[in-house]
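Visitor: Mind having a look at this structure? Questions to follow.
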Amino acid sequence: MTEATAVEAATTRLERALRALEEAVDCRLEREHGRGDLSDELYNLGVDRSRLASELDQAVARALRLEQANRTVAGQLETAIQSIQKVIAGEP
């Protein structure tokens, strides 16, 4: 092998090694970018969970208020019905 051939072979090996290194760096950067996306996604999920928990608490509180109002109105209607029935029956 002549000196020129040896230099060409070394140059070829160096170029292959540099391409492999560039590919490895690209893969690493893609993985790191994916981790950043995952962190962002986890953060967004946490924010959504907090928002949904708050909305659920508000909905439960509203449902409890509506149940209480329903019981109150049902009692008032029952009293009104009884009063009307007494009037119709001619009771004092």
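Read the figures in this text as sums done on the coordinates, not as results from a lab. The structure displayed is predicted, hence computed values, not measured ones. Virtual Cβ from ideal backbone geometry, glycine too; neighbours counted across all protein chains shown.
Visitor: What is the dipole size for the chain, taken about its Cα centre, with +1 at each Lys and Arg Cβ and -1 at each Asp and Glu Cβ, in debye to the nearest 20?
Guide: 660
Visitor: Residues with beta-carbon under 14 Å from that of Arg49, excluding Arg49: net charge, scoring Lys, Arg +1 and Asp, Glu -1?
Guide: After counting each charged neighbour, the total is -3.
Visitor: Which of the listed residues, Ser39, Leu29, Thr5, is farthest toward the dipole's positive end in the chain, when Lys, Arg count +1 and Asp, Glu count -1 at the beta-carbon?
Guide: Ser39
Visitor: Here's another thing I want to ask about it. Residue separation times 0.36 nm, minus the C-alpha to C-alpha distance between Thr79 and Thr12: what's the value?
Guide: Length difference between fully extended and current span is 14.2 nm.
Visitor: Can you check what the net charge comes to around Gly36, using other residues whose Cβ is under 15 Å from the Cβ of Gly36 (Lys, Arg +1; Asp, Glu -1)?
Guide: -2
Visitor: Against the longest principal axis of the chain, how steep is helix 3-89, in degrees 0 to 90 to the nearest 10, with axes from Cα atoms?
Guide: Once rounded, one gets 0 degrees.
Visitor: Hey, for a label at Glu67 modelled as a point 7 Å past Cα toward Cβ, could you say which residues of the stretch 21-56 have their backbone N under 17 Å away?
Guide: The answer is 56, whose backbone nitrogens lie closer than 17 Å to the label point.
Visitor: Also, quick follow-up: Limiting things to C-alpha atoms, what are the Rg and the maximum Cα-Cα separation (Dmax) for the chain, in angstroms?
Guide: In Å, with Rg to one decimal and Dmax whole: 39.0, 129.
Visitor: Please list the radius of gyration and Dmax for the stretch 1-48, considering alpha-carbon atoms only, with Å as the unit.
Guide: Spelled out, the Cα radius of gyration and Dmax of the stretch 1-48 are 20.6, 68 Å.
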